[in-house]
1. Going by amide H atoms built from the backbone, whose H comes under 5 Å of the H on Val77, apart from near neighbours?
2. Positive end of the charge dipole of the range 5-119 (Lys, Arg +1 and Asp, Glu -1 on Cβ, about the Cα centre): tell me which of Gly28, Tyr65, Ala50 has its Cα farthest that way.
3. Per residue of the range 93-110, what does 6.51 cos²θ - 1.76 cosθ + 1.60 with θ = phi - 60° give for ³J(HN,Hα)? Whole Hz please, x for Gly and Pro, Karplus curve as stated.
4. When we measure straight from the Cα of Lys72, which aspartates and glutamates land under 19 angstrom away, once same-chain ones fewer than 8 places off are left out?
5. Within 12 Å, Cβ to Cβ, of Ala59, how many net charges do the neighbouring residues add up to if Lys/Arg are +1 and Asp/Glu are -1?
6. Taking the Cα atoms of the range 5-119, report the difference between the largest and smallest coordinate on each principal axis, in whole Å and largest first.
7. Quick one: which residues, 5 or more positions from Asp24 or on another chain, have an amide H under 5 Å from its amide H? H modelled 1.01 Å from N in the peptide plane, none for Pro or chain starts.
8. Can you give the charge dipole size of the range 5-119 about its Cα centre, rounded to the nearest 20 debye, using +1 on the beta carbon of Lys and Arg and -1 on the beta carbon of Asp and Glu?
Amino acid sequence: MKVPVAVIVLSLTVALGSVAVAADVQHGKALYETRCTSCHSIEYPAAGPAHKGLFGRKAGSSPGYTYSSALKDSKVVWSAETLDKWLSGPEAFIPGQKMYISIPDAAERADIIAYLALATKR
Ligand code: HEC
């Protein structure tokens with residue numbers, strides 16, 4: 001499905017509230033490729049779970065991947081807001097999880113989330 005980028009950017013800007021940035025999908029794609037693909041892909045599980053269908057899915061529920069019990073047992077559902085919290089600091093958000101990287105820069109997080117909103121839609 002093709003979703004106009006402007007619509008996604010607008011809804012993300014609203015969803016993230018205090019994060020006063022306009023997300024840049026192309027920059028988000030570049031960041032995803034350099035910061036995430038060592039462990040993740042959209043399509044297939046690897047060191048980390050596959051990201052397809054991410055938005056609206058319960059955390060820890062992508063098939064074919066063995067999650068930490070912390071993530072699997074969490075009540076988190078992935079949205080722009082929960083992804084922003086997760087990427088700010090996975091361990092602070094869901095203690096006991098096993099993803100050991102974070103993206104401290106709010107603008108970079110917004111760009112990555114905007115890219116994911118487009119790329120994971122299936
Ligand atoms: C060093 C490896 C590594 C890198 C790099 C990494 N992750 Fe992860 N990620 C993981 C692991 C491992 C998990 C599973 C965590 C668990 O089970 O507790 C995970 C889980 C996730 C989840 C939860 C998915 C689900 O199905 O519930 C999201 C979302 C996520 N990562 C996004 C990202 C993004 C976006 C990036 C890049 C900014 C990234 N990750 C970079 C290893 C990584």
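1. Ala59
2. Value: Tyr65.
3. 7, 9, x, x, 6, 10, 10, 9, 10, 9, 10, x, 7, 4, 5, 5, 4, 4
4. Glu81, Asp84, Glu91
5. Result for the neighbourhood of Ala59: +4.
6. Cα spread of the range 5-119 along its principal axes, largest to smallest: 35, 25, 23 Å.
7. Residues meeting the amide H criterion: Asp111.
8. Numbers: 10 positive and 10 negative charges, 80 e Å.
Computed charge dipole of the range 5-119: roughly 380 debye.
FYI, it's all coordinate maths here, none of it is from the lab. Quick caveat: nothing in here was measured; it's all calculated off a predicted structure. Glycine also receives a Cβ, built like all others from the backbone with ideal geometry; neighbour counts cover every protein chain displayed.
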